[in-house]
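The values are calculated or read from the model by the stated rules, or taken from the named source; none is laboratory data. Small disclaimer: the values here were computed from a predicted structure and weren't measured. Note that each Cβ is placed from the backbone with ideal geometry, even for glycine, and that neighbours are counted across all protein chains shown. Just so you know, the surface numbers come from the protein's heavy atoms only, side chains and all, with ligands and any DNA or RNA stripped out. Shrake-Rupley method; radii C 1.70, N 1.55, O 1.52, S 1.80 Å.
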Amino acid sequence: MDHIEQALKHLPRGKVQLATKFGLGGLNFPIIQVKVTPEYVRSCCEASLKRLDVEYIDLYYQHRVDQTVPIEETVRDSFF
């Protein structure tokens, strides 16, 4: 069990603002793979929800800019 997940179990969820990020598809120092395709964003979100055992994330933000995927595509197609 993750430390954050443990803490969230003991706190009233309505009183906690949970933030996490997406955008790193891989890290093989010094190479960082940035990935913000809508499919990847959705899969990361679903994995975070499951890992943290919560129903929602208050702030979900892009960690790195991917020059190959327009931000409009990432946002529009990820959740709508």
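Things worth noting here:
- Fraction of accessible area attributable to carbon and sulfur, the chain (%, probe 1.4 Å): 57
- Convex hull volume per residue in cubic angstrom - Cα atoms of the chain: 104
- Think of each Lys and Arg Cβ as +1 and each Asp and Glu Cβ as -1; about the Cα centre, that makes the dipole of the chain roughly 240 debye.
- Considering only 57, 14, 44, and ranking their Cα positions along the charge dipole of segment 3-80 that arises from unit charges at the beta-carbon of Lys, Arg, Asp and Glu, the one farthest toward the positive end is 14.
- The stretch between residue 17 and residue 37 holds 4.7 nm of extra length on full extension. This uses 0.36 nm per residue minus the Cα-Cα distance.
- Inter-probe distance in nm under a simple model that places probes 7 Å from Cα toward Cβ, at residue 29 and residue 3: 1.9
- GNM remark for the chain: springs join alpha carbons under 10 Å apart, and the peak mean-square fluctuation among 17, 62, 33 falls on 17.
- Largest to smallest accessible area among 37, 68, 74 [probe 1.4 Å]: 68, 37, 74
- Taking all protein chains together and a 1.4 Å probe, the residues 22, 29 rank 29, 22 from largest to smallest accessible area.
- Helix 38-52 axis, angle to the chain major axis (alpha carbon atoms, nearest 10°): 20
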